[in-house]
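**Q** Before I ask anything, let me first share the structure, which is written out below as structure tokens.
The values are calculated or read from the model by the stated rules, or taken from the named source; none is laboratory data. The model shown is predicted, which means the values in this text are computed figures rather than measured ones. Cβ atoms come from the backbone with ideal geometry, glycine included; neighbour counts cover every protein chain shown.
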């Protein structure tokens, strides 16, 4: 019984690592897709239309950045494209590790939890 629990724990850690890697890989297209979908929804396209537009925008963003990274020859331009693609991944990874969502006014954020525990002393 204990061995089965240990094996399931190792499998769960492996699955979470795969999910975190996938999140880091597709963070920029996902964020752009959500932003476009929110804009489309608030302009009156409906839930299904906004979802479709968001998926198309995310796929287009991923395609554009992939083609740019593959075709650019200048190392400086490739570095810029890589940094633009990696910045949202770094933010998403940080939010994944340090509680989600991290907002300064949120009562569940790390800074608010530190303030509340300090005020109890």
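**Q** Can you find a residue in segment 71-78 that is in contact (Cβ under 8 Å) with a residue 12 or more places away in the chain and out of contact with any strand residue (DSSP E or B) (no Cβ under 9 Å at 6 or more places or on another chain)?
**A** Within segment 71-78, the first condition is being in contact (Cβ under 8 Å) with a residue 12 or more places away in the chain, and the residues that meet it are none.
The answer is no, given that none of the residues of segment 71-78 is in contact (Cβ under 8 Å) with a residue 12 or more places away in the chain and out of contact with any strand residue (DSSP E or B) (no Cβ under 9 Å at 6 or more places or on another chain).
**Q** Continuing with this model, one more query. Do we have any residue at all in segment 93-101 that's under 20 Å from the mean Cα position of the chain (by Cα), at pLDDT below 75, on the phi > 0 side of the Ramachandran plot and outside any helix (DSSP H, G or I)?
**A** yes
**Q** Assigned to a helix (DSSP H, G or I) and either touching a helix residue (DSSP H, G or I) at 6+ places or on another chain (Cβ under 7 Å) or touching a residue at least 40 places away in the same chain (Cβ under 8 Å) (or both): which single residue out of 60, 50 fits that description?
**A** Values: 60 fails: either touching a helix residue (DSSP H, G or I) at 6+ places or on another chain (Cβ under 7 Å) or touching a residue at least 40 places away in the same chain (Cβ under 8 Å) (or both).
From the options 60, 50, the qualifying one is 50.
**Q** Look through segment 13-57, keep the residues that are within 15 Å of the chain's Cα centre (by Cα) and surrounded by fewer than 13 Cβ atoms within 10 Å (Cβ to Cβ), and return whichever of them is farthest from residue 82 (Cα to Cα).
**A** Filtering first and then ranking leaves 16.
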